[in-house]
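Structure first, commentary second.
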Amino acid sequence: MITNKLKLFVKELIGKSIAINNNVKTFTKNKLYIFSFHEITDNPSFFQKRNHLFVTKKVFKKQLDYINRLFKIIQPSDLLLNTNIKNSALITFDDGYVNSFKYGLKIMTKSKITPIFFLNMSAVKNKTPLLPASLEYLEAHYNKYDHFIDEFNLNKPISLSIKPPQFQKFEKYIKLNKKKINSYQGKIISLDYLFKKQSHCNFYIADHLYEHYNCLSLTQKELIHLCKKNLKILKKFKNHINIFSFPNGVPGKCFNKKNVNWIKNLNYKKVLSNGNTANPDNIKFLLDRISLNNNDDTFNKFLFKIYQSTKRIN
């Protein structure tokens, strides 16, 4: 706790120094910033709190204001243009948590911001808990969990290394405890809601795999199968956009160049990662995103994150 508070204090000081010296435009010039969120709520689930996957409504409004101060917020369709987009930002969400629509989308619509929601349609359609939340719950409540993990000889974090045949060993227990795991995880948006709202033109939906597997743990056949299964449902929507977002998203840990090529061969227009790096342009097939959470609650901390994201390009 002390270490985390110290880190946040240091970020605040560095961000304040950047603001005082008024050199923000120096390192943000001619770049594209894609921001990623998960849930917008004042009552996060245990899983969301533990993994820093939420932003309160108040902090989210402030973060949108910070982004608007520094950048022009673009439409998702602008990302697919061949012309270079500069000094711009795009808002995205992963996993489809219900309040990112109920609260987040309402706030963005008032500001005329159109986001992309990257969805695992297994969770949306069947209310199947997401893999990371399922494993966390199993570790705490399933007495055979450690036995299976030892048998599989998996590296931690388990959610990044487990393969489909291994995860399916837990399928029966997950089905029996689906309601409890979903409560632990946080509610996912419904298929009915998406169909009803698809013509409102205030958000897009896109591919995040049918199930929330780490792509680095998948074979080419498994990855293609999960993409096509997700796309089969997504393409029924008028507001689907042909962009892919890697689950977990960290370059090297969650995907590699081979995974990117597999995705490219499936004719996606763009693929997004989550390595907290600014993009020098929008022309490349692989673009990176910057994750924001509830700790990024002041303009100075936001500036620190922007500064760090720019340094990673070099």
Residue set His240, His225, His208, His212; condition at pLDDT 95 or above, closer than 19 Å to Leu286 by Cβ and either out of contact with any Cys (no Cβ under 7 Å at 6 or more places or on another chain) or surrounded by fewer than 21 Cβ atoms within 10 Å (Cβ to Cβ) (or both); output residue His208
Result of the Cβ filter at 6 Å on segment 217-229, keeping first residues that are closer than 15 Å to Asn261 by Cα and partners that are surrounded by 15 or more Cβ atoms within 10 Å (Cβ to Cβ) and aliphatic (A, V, I, L, M), at least 6 apart or interchain, is Cys227/Leu266
For helices (runs of 4 or more DSSP H) lying entirely in segment 1-51, having 1 or more residues that are within 30 Å of Leu138 (Cα to Cα) and under 16 Å from the mean Cα position of the chain (by Cα) picks out 46-50
Within the set of pairs 6+ apart or on separate chains, which have a first residue in segment 59-75 that is in a helix (DSSP H, G or I), a second that is surrounded by 21 or more Cβ atoms within 10 Å (Cβ to Cβ), and C-beta atoms under 6 Å apart?
Phe60/Ile40; Gln63/Leu292; Tyr66/Phe302; Ile67/Ala89
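The values are calculated or read from the model by the stated rules, or taken from the named source; none is laboratory data. Just so we're clear, the structure is a prediction, and the values are computed from it rather than from any experiment. Positions of Cβ are generated from backbone atoms using ideal geometry, with glycine treated the same way; all protein chains shown enter the neighbour counts.
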